[in-house]
Amino acid sequence: MTQPPLTLRIRTAPAGAVVELAGELDHQTAPGVRAALPGLELLPGQQLVLDLGGVEFCDSSGITVLIAARNHALAAGAGIALAAVPEHVSRIFRVVGLDQVFPAHPTARAAEAAWRSTAS
Amino acid sequence: MTGRTSGDEEGGPSEHPGDGGEHPGDGGPADEQAQFSALLEDSAEDLYEHAPCGYLSSLLDGRIAKINTTLLNWLGYERDDVLGRISFSDLLTAGGRLYHETHYVPLLRMQGEVRGIALELRAADGTRLPVLVTSEVRTGGDGQPLLIRTTVFDARDRRAYETELLRARKEADRERERLQRLATTLQRTLLPPALANVPGLDVSAYYHIASVDEVGGDFYDLFPLADGAWGLFLGDVCGKGAAAAAVTSLTRYTLRAAAVYDPGPVAVLRNLNTVLNHEYNGDDPRFCTVVFGLLTPDHDRGGFHITLASGGHPPALLMRADGTTDLLPTPGGQLIGVLPDAHIAATTVRLAPGDTLLLHTDGLTEAHVNSTAGTGSDGHGGVTGGGDARYGDDALLDFARALAPTTASDTVGAIRDLLDTLGSGVDDDTAVLAIHVPRPPSGEQQ
């Protein structure tokens, strides 16, 4: 074991929690991310941002985690956005039609700016 | 490592009498010290004779010069039977003696010590005693070897432990085989035992199991509907294992039941979406991607019409009788089970005589190609992050182009060969289903 297969970092921004994922999002690592979701503090009207810039691999189990995050945000009355989606992940998203469901932005900062412009 | 020198005398502690006993009437602590001192004085000789391990000292020619009571008791020998009469190797079993000659003694000569060797001693009554043996060469002041000191530990417990370990391992192996059989059986129940025989259609399917330990989530079926129509589906449930198998089972039966009431492919997938969405939501969402097709015979011109609806599944490949090959896209279709109002996209084509339609799951296109040479791909393998090359959609399209025109069984046969070539690069289950409208006999003579 050189590096953990997946690292997860959570930071709080004015718009809501930003979750940075790096590594492999698959059926080995998905349960760990799912377990972290209930701990995310989200207020109604906020936006949960998933920063996927460091995701090297994402399979169907990884997709379920992103959907679980979306369910979590919607249940809190918040929105969800993706940031820095790698091409190999956005390709899967296009095939399964999730590109219509998750707004995507080039960076977490851009996602936050988009939230500000809709909130104001 | 050198042996101990002769100046290192045993029984040292007895020459340094404690002073605690020389202060009578000094109260409790002094008495305790006296007892402790007595223990020390008593222990050296007694410890040697009755230590919880065997001791023996042998001369350089192997003859036993000294042996403790513990070891004599273990072996059931009298001291006089042993001292000066036999050597250490005489106490060993035949196999142990051979090992002693060929390994133990040479190592001892080279290194001055040998540690923790498992041997078997033969007791006077013929029973065998498993032991762990450690020896050291004791040298004189001039560095010349004088004798060999050996400690012998009773290893009966350890032998029992090893036997127990072996037994547990065999048990675990048996359990693993049982689990694999169970997984294989469960997998089989999720697939039709044999594809239905559709008049006027050549059909073929294959399921590639990537792991014998876990049930995969791919599925397919082909079944009759009313008025000469046929339903078919192929899909992929997210995840692996028992939980995925439960979703696969629910998906399969829902699709078949829904098609009986309303065989329209979009309606069938909507129905499935509602069922899965009600069953699995919240923190543990489950979804599948699936293609559902409704085949109706074209009585006027021959062949079939097929309406395909897709819920987020990779597009089917259509290999025409004239050799042209294209994807059959259903853009905008969304995966089934997690969105309350998933969009389902449909398309209709006519399958003329000579045409072949191929449905597949992404286990094939997601297969790793970097570890395998000569995959038949011409560099179209998709690249994910980290430089991990996958077989890819473009490579599959080229592969199909090279096959066309073809038949269902030839297509599935070629895909099986391709999966074999990709070997361990295929780390997810793969299902393929091909249907082909044979040319009429007169067409074959052209």
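Looking at B:Gln334, B:Asn197, B:Leu71, which one has the Cα that reaches farthest to the positive end of the dipole of chain B (charges on Cβ: Lys, Arg +1; Asp, Glu -1)?
B:Asn197
In the stretch A:36-120, what chymotrypsin sites (Phe, Trp or Tyr not before Pro) fall in a loop by DSSP, with at most 16 other Cβ atoms inside 10 Å?
When the chymotrypsin sites (Phe, Trp or Tyr not before Pro) of the stretch A:36-120 are filtered for loop state and at most 16 Cβ neighbours within 10 Å, nothing remains.
Please name whichever of B:Pro265, B:Pro297, A:Gly32 sits farthest to the positive end of the charge dipole of the protein assembly as shown, dipole taken about the Cα centre and charges placed at Cβ: Lys and Arg +1, Asp and Glu -1.
Farthest towards the positive end: B:Pro297.
Which distance in Å, rounded to a whole number, links the C-alpha centroids of the stretch B:80-112 and the stretch B:260-320?
78
In units of 2.2 N^0.38 Å, what is the alpha-carbon radius of gyration of chain B?
My calculation over the Cα atoms of chain B gives 1.77.
With Cβ to Cβ distances under 14 Å as the rule, what net charge do the other residues near A:Leu40 carry (K, R +1; D, E -1)?
Taking every other residue near A:Leu40 into account, the sum is 0.
Apply the Karplus curve 6.51 cos²θ - 1.76 cosθ + 1.60, θ = phi - 60°, to the phi angles in the stretch B:70-81 and return the couplings in whole Hz, x for Gly and Pro.
Here the 3J(HN,Hα) series is 3, 5, 4, 5, 4, 8, x, 9, 8, 4, 5, 5 Hz.
Work from the charge dipole of the stretch A:6-119 (Cβ charges, +1 for Lys and Arg, -1 for Asp and Glu, about the Cα centre) and give the residue of A:Gln100, A:Gly23, A:Val89 farthest towards its positive end.
A:Gln100
Charges at C-beta only: +1 for Lys and Arg, -1 for Asp and Glu. How large is the resulting dipole of the stretch A:16-120 about its Cα centre, in Debye rounded to 20?
So the magnitude is around 320 debye.
Let me check I've understood the local charge: for B:Leu339, count other residues with C-beta under 12 angstrom from its C-beta, Lys and Arg +1, Asp and Glu -1. What total comes out? Walk me through the numbers on the way to the answer.
Working: positive: A:Arg70, B:Arg270; negative: B:Asp341.
Summing Lys/Arg as +1 and Asp/Glu as -1 gives +1.
Once you average over the residues of A:89-95, how many Cβ atoms of partner chains fall within 10 Å of each Cβ?
Mean inter-chain Cβ contacts per residue within 10 Å come to 4.
Can you tell me the relative contact order of the stretch B:244-349? Whole percent, Cα pairs under 8 Å, sequence separation 6 or more.
The value is 28 percent.
If you put +1 on each Lys and Arg Cβ and -1 on each Asp and Glu Cβ, how big is the dipole of the stretch B:128-186 around its Cα centre, in Debye rounded to 20?
Roughly 300 debye for the stretch B:128-186.
On average, how much area does the Cα convex hull of the stretch A:26-120 cover when viewed from any direction, in nm²?
Reported value for the Cα convex hull: 5.8 nm².
Would you give the gap between the C-alpha center of the stretch B:189-204 and the C-alpha center of the stretch B:397-418, rounded to a whole Å?
Their Cα centres are 18 Å away from one another.
Over chain B, what is the mean sequence separation of C-alpha contacts under 8 Å (at least six apart), divided by residue count, expressed as relative contact order in percent?
Result for chain B is 12 percent.
So which trypsin sites (Lys or Arg not before Pro) in the stretch B:77-148 end up in coil per DSSP with only 13 or fewer other C-beta atoms within 10 Å?
B:Arg85
Highest mean first, what order results for B:410-423, B:305-318, B:288-301, B:194-207 on Cβ atoms within 10 Å?
Descending packing order for the listed peptides: B:305-318, B:288-301, B:410-423, B:194-207.
Can you give the alpha-carbon Rg of the stretch B:139-235 over 2.2 N^0.38 Å, where N counts its residues?
Dividing the Cα radius of gyration by 2.2 N^0.38 Å gives 2.48.
How much mean residue ellipticity at 222 nm does chain B get from its helices, if each DSSP H run of length 4 or more adds -39500 (n - 2.57) and you divide by all residues, to the nearest 500 deg cm²/dmol?
Mean residue ellipticity at 222 nm (helix-derived): -10500 deg cm²/dmol.
Could you tell me the largest-minus-smallest coordinate of the C-alpha atoms of the protein assembly as shown on each of the three principal axes, in descending order and whole angstroms?
That gives 116, 72, 43 Å along the principal axes, largest extent first.
At a temperature of 20 °C and a viscosity of 1.002 mPa s, determine how fast the stretch B:190-444 diffuses translationally according to Stokes-Einstein, using the Kirkwood radius over alpha-carbon pairs as Rh; express D in µm²/s, rounded to the nearest whole number.
116
Can you give the longest run of chain B that contains no GluC sites (Glu not before Pro) sitting in a DSSP loop with at most 16 other Cβ atoms inside 10 Å?
B:79-446
Using a 10 Å cut-off around each Cβ of peptide A:97-108, what is the average number of partner chain Cβ atoms that fall inside?
Other-chain Cβ atoms within 10 Å of each residue's Cβ, averaged: 3.
Take every residue in peptide A:61-67, count the Cβ atoms of other chains within 10 Å of its Cβ, and give the average of those counts.
Average per residue, whole number: 5.
If we count every other residue with Cβ under 14 angstrom of B:Leu358's Cβ, Lys/Arg +1 and Asp/Glu -1, where does the sum land?
-4
About the Cα centre, and with charges only on the beta carbon of Lys, Arg (+1) and Asp, Glu (-1), how big is the dipole of the protein assembly as shown? Nearest 20 debye, please. The partial results should precede the final answer.
Values: 43 positive and 74 negative charges, 427 e Å.
My answer is approximately 2040 debye.
Over chain A, calculate the relative contact order: mean separation of alpha carbon pairs under 8 Å at least 6 apart, over the residue count, as a percent. Numbers along the way, then the final one.
Numbers: 203 pairs, mean separation 29.0, N = 120.
Reported relative contact order: 24 percent.
Just so you know, all these numbers are worked out from the coordinates, no wet-lab data involved. Predicted, not measured: the structure shown is a model, and the values here were computed from it. With ideal geometry, Cβ positions are generated from the backbone for all residues, glycine too; neighbour counts draw on all protein chains shown.
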